[in-house]
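Each remark here refers to the structure printed beneath this line.
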Amino acid sequence: MTDASTPMEGAPMIAPSSTDHPMYDDIVMACRTVFDPEIPVNVYDLGLIYTIEVDTENAVRVIMTVTAPGCPVVDDMPGWIADAIEPLPGIKQVDVEMTFEPQWGMDMMSDEARLELGFM
């Protein structure tokens with residue numbers, strides 16, 4: 001028996017996104033307007049956005065991380081994401097949650113980010 005804080009064996013570490021929601025692509029585009037101040041790539045293509053959940057009332061929950069737990073903008077970045085998404089027409093509310101599990105790695109970057117940073 002496991003307690004509620006223990007993930008089920010085989011459960012994904014990153015919750016799935018609401019990719020079939022009609023607002024999903026607009027939310028992704030809004031996330032792409034936010035940049036890590038130390039890296040010239042947006043947070044979405046860096047792989048810092050783990051999950052974008054959108055419910056039936058258009059309330060958005062974003063689960064994200066930073067490149068390193070000691071990142072100087074760890075307290076600011078969730079607000080930047082919320083500020084980018086909230087102006088979209090029809091959005092009810094935005095909650096951004098910071099996580100450090102799983103830890104971010106360079107393999108989470110998009111091909112565009114790798115190209116921009118000279119890793120391809």
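Selection within region 100-116: residues that are outside any loop (DSSP other than H, G, I, E, B) and either within 21 Å of residue 23 (Cβ to Cβ) or aliphatic (A, V, I, L, M) (or both). The member of this set that is farthest from the chain's Cα centre (by Cα) is 115.
Residues checked against (1) under 17 Å from residue 41 (Cα atoms); (2) surrounded by fewer than 16 Cβ atoms within 10 Å (Cβ to Cβ); (3) modelled with pLDDT of 95 or more:
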site	(1), (2), (3)
52	no, no, yes
63	no, no, yes
70	no, yes, no
85	no, no, yes
93	no, yes, yes
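When region 46-99 is filtered for residues that are in a strand (DSSP E or B), in contact (Cβ under 8 Å) with a residue 40 or more places away in the chain and not β-branched (Val, Ile, Thr), only 50 remains. Per this entry, residue 91 is not counted among residues that are hydrophobic (A, V, I, L, M, F, W, C) and within 19 Å of residue 15 (Cβ to Cβ). Each residue in region 25-41 was checked for being without any contact (Cβ under 8 Å) to a residue 24 or more places away in the chain and under 16 Å from residue 82 (Cβ atoms), and 3 of them qualify.
The values are calculated or read from the model by the stated rules, or taken from the named source; none is laboratory data. Everything numeric here is computed off the predicted structure, so don't read it as measured data. Here Cβ is always computed from backbone atoms with ideal geometry, including for glycine, and neighbour counts include all displayed protein chains.
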